[in-house]
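> Below you will find the structure I want to go over with you.
The values are calculated or read from the model by the stated rules, or taken from the named source; none is laboratory data. Bear in mind that the values here come from a model prediction, so they are computed numbers and not experimental data. Cβ atoms come from the backbone with ideal geometry, glycine included; neighbour counts cover every protein chain shown. Protein only, heavy atoms only, side chains kept; ligands, DNA and RNA dropped before computing areas. Shrake-Rupley method; radii C 1.70, N 1.55, O 1.52, S 1.80 Å.
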Amino acid sequence: MIERIERNAARCSTVERVTGETNIKLTLCLDGNGEAQIETGVPFLNHMLTLFAGHGGFNLALNAVGDIAVDDHHTVEDVGICLGQALREALGDKGGIRRYGQMILPMDEALVLVAMDISGRSYLSFDVPMPRAKTGSFDTELVEEFIRALAVQAGLTLHVKLLAGANTHHIIEAVFKGLARALRSAAEIIDPSRAVPSTKGVL
């Protein structure tokens, strides 16, 4: 496996990950305008990540080639790994950020709560029952796999909870939009002195 990570002062990071199952290059800029250039070979994931970039105000460029002839699992999980690594690196020492973010996001009949702490301590509580095992050809259980990989690699304490919903597509869309909005708030620089938002002095 080959991994390479580059970061610059503009809160951008490029991650490359090459394994026997996937070949991924991802660039994330936190202070962007929502531009997305995404190709993963998994159309539903492309759609969700485009929404994520747009609602987060992030610039996201992603090209992933994976063993989707087997199934989508390796590609979805490894994209989550790369996005988490890029987020961690783009945040740097986390100086000046709000740190906490939350969103209760409606998507038609669906209502999802997302709350996060950019804590450096990886934890995921994912309480989102899916009404259907698939939406189109996409396995809905992969949503949790993606978000777990992201949270672990980025060092997020993350809670995602379904409050209401019946349509699987709407539920997943609310999860990704809520995640983007909560992250946008948590990652925003609000302290011009760039002090790290922790009494310990480090996150």
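> For Met103, what is the net charge nearby, where nearby means another residue's Cβ is under 10 Å from its Cβ and Lys, Arg count +1, Asp, Glu -1?
Working: positive: Lys177, Arg181, Arg184; negative: none.
So the surrounding residues net to +3.
> Next question, about the same structure. Name the cysteines of the chain that stand alone by the Cβ rule: no other cysteine Cβ under 4.7 angstrom.
Singleton cysteines: Cys82.
> Would you list which lysines come within 22 Å of Lys177, measuring only between C-alpha atoms, while excluding same-chain residues fewer than 8 positions from it?
Within reach: Lys134, Lys161.
> Give the Rg (one decimal place) followed by the Dmax (whole number) of region 44-83, computed from C-alpha coordinates and expressed in Å.
That works out to 10.8, 33 Å for Rg and Dmax.
> When the accessible area of the chain is computed with all protein chains present and a 1.4 Å probe, what percentage of it is carbon and sulfur?
Here it works out to 50 percent.
> Which entry is the computed semi-axes √(5λ) of the Cα gyration tensor in Å for this structure: (1) 44, 23, 15; (2) 35, 26, 14; (3) 25, 21, 14?
This structure yields the entry labelled (3).
> Could you give P(r) for region 3-91, binned at 10 Å from zero, as whole percent values over all Cα-Cα pairs?
Bin by bin from 0 Å, the calculated values are 19, 53, 25, 3.
> Continuing with this model, one more query. What is the antiparallel percent of DSSP beta bridges lying wholly in region 1-144, to the nearest 5?
Taking every DSSP beta bridge within region 1-144, about 90 percent pair in antiparallel fashion.
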